[in-house]
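Engineer: Pasting a structure below so you can have a look.
The values are calculated or read from the model by the stated rules, or taken from the named source; none is laboratory data. Worth saying up front: this structure is predicted, and the values here are computed from it rather than measured. Positions of Cβ are backbone-derived with ideal geometry, glycine not excepted, and every protein chain shown enters the neighbour counts.
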Amino acid sequence: MVQQVVGDTGRHPARVQQVDAQLTLDAYPAFQQYFRDTQVPLLAVWGRHDEIFGPDGARAYRRDLPDAEIHLLDAGHFALEDNLDTITG
């Protein structure tokens with residue numbers, strides 16, 4: 001579906017983002033079930049001041065993955081760009 005919208009040059013880019021966001025939201029239950037079933041290791045490195053996906057978004061992983069390792073950095077949405085050495089070091 002995303003490819004259909006992206007491939008249609010008559011569509012506005014904001015519409016593409018809206019469709020992509022809805023597909024992501026629709027997939028959440030499957031991701032959550034996968035996490036519960038597999039208990040895969042998860043490392044979340046998150047910006048404490050992220051105004052788009054706040055820290056509660058990182059903490060929410062613990063509902064399905066109680067052993068998730070979550071690090072909240074003194075950063076915003078672009079934590080990797082702001083803290084590259086900390087994250088990769």
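Engineer: Give the number of residues within the range 20-45 that are surrounded by 15 or more Cβ atoms within 10 Å (Cβ to Cβ) and either modelled with pLDDT of 95 or more or of a type outside the set (V, I, T) (or both).
Structural biologist: 4
Engineer: For the range 61-89, how many residues meet the condition of being under 14 Å from L43 (Cβ atoms) and under 16 Å from the mean Cα position of the chain (by Cα)?
Structural biologist: Final tally of qualifying residues: 11.
Engineer: While we're looking at this one, here's another question. Please go through the range 30-67 and pick out each residue that is under 25 Å from F78 (Cα atoms) and of a type in the set (S, T, Y).
Structural biologist: Selection gives Y61 alone.
Engineer: For a quick check of your reading of the model, give me the residue pairs whose first member lies in the range 34-59 and is assigned by TED's automatic domain parsing to the domain that holds T86 and at positive phi, whose second is at pLDDT 95 or above and part of a helix (DSSP H, G or I), with beta-carbon atoms closer than 6 Å and at least 6 apart or on different chains.
Structural biologist: Listed by first residue and then by second, the contacts come to nothing, as the list is empty.
Engineer: Separate question: For R48, are the conditions met, namely being closer than 25 Å to Q33 by Cα and surrounded by 12 or more Cβ atoms within 10 Å (Cβ to Cβ)?
Structural biologist: Against the criterion (closer than 25 Å to Q33 by Cα and surrounded by 12 or more Cβ atoms within 10 Å (Cβ to Cβ)), R48 does not qualify.
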